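Each remark here refers to the structure printed beneath this line.
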C-alpha cells in the first residue's frame with residue numbers, strides 16, 4: 001500500500017515533524033511507498049527523504065516571513081490555509097492512504113493526528129509576549145479564533161479517524177466539536193537520547209527558550225542565584241536583560257549530540273511554560289537521565305511522574321521554591337535511573353507499533369469518542 005503523510009513546514013526533521021517521520025521510516029522499511037507533502041521543505045529535508053527512498057512533495061509556498069523565525073513562518077503558513085485554503089488547493093489527489101500530521105493542510109485523510117490548535121496556544125502565550133505583539137494579537141484575536149475554529153472543523157470533517165498527541169490536546173478540540181478516537185503520545189528515539197555520563201557535572205540547571213517558555217519565571221530563578229544554561233531560538237520577544245543575565249548562558253541552536261550531553265550533565269531541567277500540548281523537553285530530559293521540574297497541567301503532566309521522574313508544581317511560586325531547594329540540597333540520584341526507565345516507554349518502537357495497530361483497524365467508524373470523562377489512550381508498553 002502507498003501512503004502520503006501531510007506535514008507542516010519542514011525546515012528540519014525535529015519537533016512536531018518527528019511523529020510523521022518516525023512513522024514514515026517504519027512504513028518505508030516495511031516496503032510501502034511513502035510520500036511526504038509539506039507547504040515548504042528545506043533542501044536538506046528533501047535530499048534526506050529522497051536518500052531513504054521516500055518521495056518529497058514540496059508545495060514551495062512563497063512566504064513573506066522567511067526571515068522572521070520559525071514561529072512566524074508557521075503562522076503565515078497556517079493563515080494561508082485558514083483564510084485562503086492555499087495549501088490544500090495545491091496538494092495532489094491520488095490513490096494512496098493519506099495520514100495528516102499537519103495543522104495547516106486540510107485534505108481528506110484516513111487519520112488526522114492532532115498536535116494543538118493555534119488559537120488556544122496564542123491565548124495562553126499572550127501574557128509572555130512583548131507589548132507590540134500583545135497589541136497585534138488583541139487586534140487580530142477575533143479573526144484568528146474564528147478562522148481557526150472553521151479550519152479545525154473543516155479538517156475534522158475531512159478525516160475518517162482522529163488521534164491526539166495527548167489527553168490535554170484531545171480536550172482542546174472538544175470545544176470545536178471534534179471526535180477524538182484515541183491518544184498516541186509522540187515518540188522519542190532512545191538510541192539517540194540517553195545518558196552520556198554516569199557522573200553528571202550537575203553544576204547548572206537546563207532549560208529551553210522558545211515561544212511557549214515562561215521567561216519571567218526563568219528570570220526569577222536566575223535572580224535567585226541558580227546557574228542556568230538554555231538552548232533554543234532567539235525569539236523576537238526575548239528580553240535583553242535575560243540574555244545578558246550573569247546567571248544565564250544562552251547557547252542558541254545546538255546539535256542533537258550537544259543537546260543530549262547538555263541534558264545529561266544538568267542537575268535538573270526546568271520547564272515553565274505557557275502552553276504545551278505534549279512537551280518534548282521533559283521527555284528528552286528524562287531519556288538522558290535528568291529529572292524535570294514543570295507544571296502539573298497540560299501535556300507535561302502526562303509524562304512527568306511527580307517524585308519519580310521529576311516534580312510537578314501548582315504555581316510559579318512553587319516552581320521557584322522547588323528549584324531553589326533542589327539547587328541547594330540536591331536529590332537522591334536514583335531518580336535518574338527511573339527517568340531513563342520511564343522515558344523508554346515512549347521510544348519510537350512503541351510509538352510505531354501503536355500506529356500500525358491503529359492503521360490495521362477500520363477507520364470509517366471510530367469506536368471511541370472523547371468526552372470530559374473518558375478517552376481511550378493507546379497503551380504504552382512497559
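The values are calculated or read from the model by the stated rules, or taken from the named source; none is laboratory data. These numbers were taken from a predicted model, which means no experiment stands behind them. Positions of Cβ are generated from backbone atoms using ideal geometry, with glycine treated the same way; all protein chains shown enter the neighbour counts.
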| task | Spot the failing condition for residue 159; the list is (1) in contact with a helix residue (DSSP H, G or I) (Cβ under 9 Å, 6 or more places away or on another chain); (2) touching a residue at least 40 places away in the same chain (Cβ under 8 Å); (3) buried (at least 18 other Cβ atoms within 10 Å of the Cβ), and only one is missed. | result | (1)
| Going through the stretch 28-50 one residue at a time, which ones are closer than 14 Å to residue 102 by Cβ and part of a strand (DSSP E or B)? | 35, 36, 37, 38, 41
| Meets criteria (in the same structural domain as residue 101 (by TED's automatic domain parsing), under 22 Å from residue 72 (Cβ atoms) and either assigned to a helix (DSSP H, G or I) or in contact with a strand residue (DSSP E or B) (Cβ under 6 Å, 6 or more places away or on another chain) (or both)) for residue 17 | yes
| field | strands (runs of 3 or more DSSP E) completely within the stretch 106-215 that count 2 or more residues being under 20 Å from residue 352 (Cβ atoms) and at pLDDT 95 or above | value | 109-114, 159-164
| note | Residue set 25, 8, 12; condition in a loop (DSSP other than H, G, I, E, B), more than 20 Å from residue 151 (Cβ to Cβ) and assigned by TED's automatic domain parsing to the domain that holds residue 170; output residue 12
| Complete set of residues in the stretch 26-42 that are closer than 24 Å to residue 360 by Cβ, touching a residue at least 60 places away in the same chain (Cβ under 8 Å) and touching a strand residue (DSSP E or B) at 6+ places or on another chain (Cβ under 9 Å) | 33, 35, 37
| request: Residue by residue through the stretch 177-207, note down the ones that are surrounded by 22 or more Cβ atoms within 10 Å (Cβ to Cβ) and either farther than 30 Å from residue 151 by Cα or free of Cβ contacts under 8 Å to residues at least 40 places away in the same chain (or both). | output: 193, 205, 206, 207
| message | I'd like to know if the stretch 56-65 contains one or more residues that are free of Cβ contacts under 8 Å to residues at least 12 places away in the same chain, within 22 Å of the chain's Cα centre (by Cα) and at negative phi. | response | yes
| message | If residue 269 meets every condition in (1) within 15 Å of residue 218 (Cα to Cα); (2) without any contact (Cβ under 8 Å) to a residue 60 or more places away in the chain apart from one, which number is that one? | response | (2)
| message | Please determine whether any residue of the stretch 229-239 is crowded, with 22+ Cβ neighbours inside 10 Å and at pLDDT 95 or above. | response | yes
| In the stretch 217-254, the residues that are outside any loop (DSSP other than H, G, I, E, B) and within 30 Å of residue 66 (Cβ to Cβ) | 218, 229, 230, 231, 232, 240, 241, 242, 243, 248, 249, 250
| residue 355 fails exactly one of the following numbered conditions: (1) modelled with pLDDT of 95 or more; (2) not assigned by TED's automatic domain parsing to the domain that holds residue 216; (3) not in a helix (DSSP H, G or I). What is the number of that condition? | (3)
| request: Could you tell me which residue of the stretch 256-268 is nearest to residue 341 (Cα to Cα), considering only residues that are surrounded by fewer than 24 Cβ atoms within 10 Å (Cβ to Cβ) and within 18 Å of the chain's Cα centre (by Cα)? | output: 260
| field | Index of the failed condition, residue 78 passing every other in (1) crowded, with 22+ Cβ neighbours inside 10 Å; (2) more than 18 Å from residue 165 (Cα to Cα); (3) out of contact with any helix residue (DSSP H, G or I) (no Cβ under 8 Å at 6 or more places or on another chain) | value | (3)
| request: Consider residue 351 carefully, then state whether it is in contact with a strand residue (DSSP E or B) (Cβ under 7 Å, 6 or more places away or on another chain), surrounded by 22 or more Cβ atoms within 10 Å (Cβ to Cβ) and within 23 Å of residue 170 (Cα to Cα). | output: no
| Exclusive hit being in the same structural domain as residue 353 (by TED's automatic domain parsing), surrounded by fewer than 23 Cβ atoms within 10 Å (Cβ to Cβ) and under 22 Å from residue 256 (Cα atoms), set 95, 42 | 42
| Lone unmet requirement of (1) out of contact with any strand residue (DSSP E or B) (no Cβ under 6 Å at 6 or more places or on another chain); (2) modelled with pLDDT of 90 or more; (3) over 26 Å from residue 178 (Cα atoms) for residue 57 | (1)
